[in-house]
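The values are calculated or read from the model by the stated rules, or taken from the named source; none is laboratory data. From a predicted model like this one, the values you see are computed outputs, not experimental measurements. Ideal geometry is used to build each Cβ from the backbone, glycine not excepted, and the neighbour counts take in all protein chains shown. Areas reflect the complete protein model, heavy atoms only, side chains present, ligands, DNA and RNA absent. Shrake-Rupley method; radii C 1.70, N 1.55, O 1.52, S 1.80 Å.
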Amino acid sequence: IESSEELYFAKVIGEGMVAAGIYPDDMLVVDQSLKPEQGDIVICEQAGEFTLRSYYVKAGREYLMADNNYFKPVELNASTAYRIWGVVPFSLINQRRRKNARISRFEHFLR
């Protein structure tokens, strides 16, 4: 990553990317200088709301795909008002949220 002016951090709120290992309260590094490529995770604004999704292209059609089966794909087209705010090259895991699972493993190991 070359310029800090094009980078920002965002905190995850929803569960749309849990299968990608991105959970609520994790932090994202977002790079506005990167153009989305197939499979990239992006921050997108639609109708005044921000979403975290994966960018996917099939047969020339662009989609925002959640990595969670409970969310439907969103096709990006002329009738869809959207703006991609950046690509997520890195995510930071909230280790405190995962500490109970770690403690449970330690307790099991020390039995």
Q: For the chain, count the residues as N, evaluate 2.2 N^0.38 Å, and divide the Cα radius of gyration by that value, please.
A: 1.25
(Q) Tell me the per residue accessible area of the stretch 27-111 using a 1.4 Å probe; a whole number in Å² is fine. (A) 73
(Q) At a threshold of 8 angstrom on Cα-Cα distance, excluding pairs fewer than six apart, so keeping six or more, what relative contact order does the stretch 32-75 reach in percent? (A) 25
Q) Using alpha carbon centroids, what distance separates the stretch 4-23 and the stretch 37-103, in Å? A) 8
Q. Around Asn94, which amide H atoms from residues at least 5 apart in sequence, or from another chain, sit under 5 Å from its own amide H, with H modelled in the peptide plane?
A. Asp26, Met27
**Q.** Charge dipole magnitude, Cβ of K and R +1, D and E -1 - the chain, Cα centre, debye nearest 20
**A.** 680
**Q.** Net charge of Cβ neighbours under 14 Å - reference Gln46; Lys, Arg +1; Asp, Glu -1
**A.** -1
**Q.** Within the chain, helix-based [θ] at 222 nm, where runs of 4 or more DSSP H residues each add -39,500 (n - 2.57), nearest 500
**A.** -3000 deg cm²/dmol
Q. What percentage of the solvent-accessible surface of the chain, computed with a 1.4 Å probe over protein heavy atoms, is contributed by carbon and sulfur atoms?
A. 53
(Q) Run the reach check for Lys58 against aspartates and glutamates, Cα to Cα strictly under 13 Å, same-chain hits fewer than 8 apart removed. What comes back? (A) Glu37, Glu75
(Q) Using the Karplus curve 6.51 cos²θ - 1.76 cosθ + 1.60 with θ = phi - 60°, what ³J(HN,Hα) values do you get for each residue of the stretch 95-111, in whole Hz, with x for Gly and Pro? (A) 5, 5, 5, 9, 5, 5, 5, 5, 4, 4, 5, 5, 4, 5, 5, 8, 6
Q. What are the residues whose amide H is under 5 Å from the amide H of Gly86, where those residues sit 5 or more places off or on another chain and H is modelled from the backbone?
A. Ile43
Q | In Hz, Karplus ³J(HN,Hα) per residue of the stretch 6-22 (6.51, -1.76, 1.60; θ = phi - 60°; x = Gly, Pro) | A | 9, 10, 8, 9, 9, 9, 6, 10, x, 10, x, 10, 5, 5, 8, x, 10
